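Accompanying notes for the structure given below.
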Amino acid sequence: MKRLFAAAVVAILVFLLVPFAMADSQYTRGVYNGFTYYFDANTGILYIRGQGDMPSFATVGAPWAAFAGRVTQIVLSEGISGISEKAFNGFTSLRTVTIPDTVTVISTSAFSGCSGLSTVAYSGPSEVFQQFAASSGIPELQQISIVSVGNADIQAQIASAELAYNAQEMQRSTVTATKKVYYNNDDDDDDGGSDEPQKKIKSVTTNSAKGSVTVQK
């Protein structure tokens, strides 16, 4: 019956697309005023790439604030020069921040409420960081451990996150599955004539991003 075929296609579509709707993505990506950020839900690391000073978040919350209670580490890319007001306000789970030597300004409220921050990885001399960060909003700055990191290492970390995000989206976008699904081509007219033999759907290709399905018979 044609209705049976339609029902079979719907069942396949639900079977293939529902897992994507239910599964949580490991990486979340966003773009705001020229700054691109990636959040890795598995590791709690927030990666931010950009150039120049971050826009002020004094009156508008930072877009990555949605992850405030889950972020344990922040990695800022080379090229960022200023960390603005309330950029990471209230990130209570934050433990480590990686800062490139291109950063020369940290707002007094940039890390307000980050009471758990214990380590800053900086790609320049620690004395330089201490000088320009002395008036910053980093709580208990004198008790924070300053460790060295290379700009190349910072860029490699962010590039790795970008590649992982792209791979995730490619995997989610198209999935091809082969199922042995049979349908009957009965026209349901009850005229007593013989029905066409059963046919098999060879494959079903579903695009989860567009919510579409292609059936090959």
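Within the range 61-98, how many residues are over 18 Å from the mean Cα position of the chain (by Cα), assigned to a strand (DSSP E or B) and over 18 Å from Gly34 (Cα atoms)?
3
Among the numbered criteria (1) of a type in the set (A, V, I, L, M, F, W, C); (2) over 26 Å from the mean Cα position of the chain (by Cα); (3) more than 22 Å from Gln51 (Cα to Cα); (4) loosely packed, with under 13 Cβ neighbours inside 10 Å, which single criterion is violated by Ala167?
All conditions are met except number (2).
Taking the range 121-163, which residues are within 15 Å of Tyr47 (Cα to Cα), surrounded by 14 or more Cβ atoms within 10 Å (Cβ to Cβ) and among the aliphatic types (A, V, I, L, M)?
Correct list: Ala121, Ile154, Ile158, Ala161.
Go through the range 43-56 and give me each residue that's among the hydrophobic types (A, V, I, L, M, F, W, C) and either touching a Ser or Thr at 6+ places or on another chain (Cβ under 6 Å) or surrounded by fewer than 18 Cβ atoms within 10 Å (Cβ to Cβ) (or both).
Residues of the range 43-56 that are among the hydrophobic types (A, V, I, L, M, F, W, C), as a first pass: 45-46, 48, 54.
Across the range 43-56, the qualifying residue is only Met54.
Bear in mind these aren't lab numbers, they're just calculated from the coordinates by the rules spelled out. In this text the structure is predicted, and so the values were computed from the model without any measurement. A quick note on method: Cβ atoms are made from the backbone with ideal geometry, for glycine too, and the neighbour counts reach across all protein chains shown.
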